[in-house]
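J.: My structure is below; once you've seen it, I'll send some questions.
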Amino acid sequence: MQPYELSLAAAARQIRARRLSPVELVDSVLDRIEQVDPQVRAYVAVTAEQARGAAREAEREAARGVFRGPLHGVPAGLKDLIDVAGTPTTASSRVRAGHRAAADSTVAARLRAAGAVLVGKTHTHEFAYGLTTPQTGNAWDGGRVAGGSSGGSAVAVAAGAATFALGTDTGGSIRVPAALNGVVGLKPTYGLVPRHGITSLSWSLDHVGPITRTVEDAALVLTALAGHDPRDPASVDRPAVDHRPEQEPDLTGVRVGVPGNYYFDHVDAEVAAAVRRAVAQLEALGTRLVEVDIPMTRYIQAIQWGLMVPEATAYHERTLRTVPELYQADVRILLEAGELMGAGDYLRAQRARTLMRGEWNRILEEVDVIAAPAVPMTAVRVGQETATWPDGTTEQVSDAYVRLSSPANITGLPALSVPVGHDTAGLPIGMQLLGRPFDERTLLRVGHAYERTQPARVLAPLAAPATPVAPE
């Protein structure tokens with residue numbers, strides 16, 4: 001096994017035991033980037049020199065017996081909306097030409113403090129305003145979409161070009177690419193992880209969180225990221241929590257809600273079957289399945305767009321008027337559409353969101369988590385704009401991908417995407433677990449317990465160089 005193939009938790013154990021040097025791990029990941037990134041195009045920029053310097057410092061600390069925690073010496077990619085001091089934050093847009101961040105974002109600073117090594121900035125759909133990340137190819141099939149908007153982060157992790165990565169999620173932008181690339185994506189509760197220093201798409205829907213190879217890895221990263229920061233007005237002041245699940249979690253009596261409506265409507269048959277098999281596996285682990293009725297489904301799309309579009313347009317107001325030609329056409333059209341929305345539409349969306357949040361919280365008094373598909377279909381081919389369902393209904397691909405993920409953004413609930421197999425074309429399928437506010441521990445416990453029943457996860461099948469390490 002090569003160092004770049006290790007999960008975060010496995011790498012942390014080997015570094016701690018002095019069986020693996022941070023320098024070896026970072027060099028392995030940088031070599032992997034050099035090998036595969038010309039194919040998948042996950043990175044906007046690779047900070048190899050700085051990464052090697054940070055790895056040498058992490059190695060010196062380890063030699064003195066100083067370990068900052070499980071992220072010590074572990075290479076990470078950051079979505080290029082996240083400020084890193086002295087590094088451009090391009091948001092994958094020409095609008096940001098010449099930009100350079102003056103200071104670290106809160107999450108970048110916390111990763112540094114935890115000993116993580118930044119290896120580069122990953123591609124996003126321009127300003128995170130899309131679900132495909134067109135610059136980047138899917139890690140399992142380069143002719144298919146990566147998902148978005150954190151497509152570069154998900155592909156980097158799936159291809160071994162980062163041990164973990166950070167993404168942002170406004171309507172599904174962590175969970176969608178995670179599901180389409182066969183990795184784990186966690187959108188924490190709104191307000192748990194501060195967004196200071198992160199380019200906004202929609203302030204009341206934006207979240208930041210980890211994309212990893214395993215659920216345990218996601219818990220390790222979340223533990224390092226979570227915590228109050230008054231510079232983010234939405235940040236919630238809560239006691240610090242170790243989010244790591246037990247190594248042998250007991251799910252006896254955990255109530256898993258299975259939607260009887262919405263989440264399995266207009267969903268590919270192979271996706272639905274894989275998720276139902278995963279739910280059956282959760283039942284075999286001791287959970288109790290409870291059918292639940294998803295509330296206010298006819299309003300979900302209207303609320304999501306009614307909040308996101310005007311908030312995004314407000315953020316881009318100046319540059320949209322001064323340099324509109326620098327935006328890609330799809331993003332510029334959405335931003336211009338926001339100028340046509342009235343205050344009444346926005347206020348009605350906010351009022352409906354409040355009602356929806358209350359209804360979801362009532363459901364989550366009856367169950368501990370809800371299990372459902374993360375996306376209704378696997379990765380579509382690049383250039384495909386619509387999907388047609390068996391009943392003849394046609395849907396825009398972007399609407400389809402956001403449809404099952406956006407309720408967690410509207411309500412602010414935590415949501416976790418976990419791989420649950422592949423379709424007959426070999427493309428990954430993801431199951432979504434949704435939980436109570438600030439109850440990430442239960443989500444991660446359920447996801448980790450399921451994951452332990454499955455074969456060891458493999459990287460996307462790209463060619464590999466050689467420098468083996470001891471397997472875990």
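Computed from the coordinates by the stated procedures, all read-outs in this text should not be read as laboratory data. Keep in mind the model is a prediction, meaning the values are calculated, not measured. For neighbour counting, all protein chains shown are included, and Cβ atoms are generated from backbone atoms with ideal geometry for every residue, glycine included.
J.: Let me check I have the definition right: for the range 63-118, take the eigenvalues of the Cα gyration tensor, multiply each by 5, take square roots. What are those semi-axes in whole Å, largest first?
T.: 27, 10, 8
J.: When the Karplus curve 6.51 cos²θ - 1.76 cosθ + 1.60 is applied with θ = phi - 60°, which whole-Hz ³J(HN,Hα) does each residue of the range 174-184 get, with x for Gly and Pro?
T.: 8, 6, 5, x, 4, 5, 6, 10, x, 10, 9
J.: Please arrange VAL184, VAL258 by counting, for each residue, the other beta carbons lying within 10 Å of its beta carbon, fewest first.
T.: VAL258, VAL184
J.: With a 10 Å Cβ neighbour count serving as the proxy for reagent exposure, in which order, fewest first, do GLU395, GLU385 appear?
T.: Neighbour counts put them in this order, fewest first: GLU385, GLU395.
J.: Now a separate question. Helix by helix, which DSSP H runs in the chain go 20 Å or more along their axis at the Cα atoms and have an average Kyte-Doolittle hydropathy of 0.5 or more?
T.: Result, helices passing both filters: 269-284, 300-315.
J.: Among VAL46, VAL84, which comes first, second and so on when ranked by fewest other beta-carbon atoms within 10 Å?
T.: Lowest count first: VAL46, VAL84.
J.: Separate question: Looking at the chain only, what percent of DSSP beta bridges run antiparallel? Nearest 5 please.
T.: 65
J.: Additional query: Taking R0 as 60 Å, what's the FRET efficiency between LEU289 and GLN50 from their Cβ-Cβ distance, rounded to 0.05?
T.: The pair LEU289/GLN50 has a calculated efficiency of 0.75.
J.: Quickly estimate the mean residue ellipticity at 222 nm for the chain, helices only: each DSSP H run with n ≥ 4 gives -39500 (n - 2.57), and the total goes over all residues, rounded to 500.
T.: Calculated at 222 nm, the ellipticity per residue is -11500 deg cm²/dmol.
J.: Now a separate question. Please figure out what share of the DSSP beta bridges in the range 35-183 is antiparallel and state it in percent, rounded to the nearest 5.
T.: Bridges in the range 35-183 are about 35 percent antiparallel.
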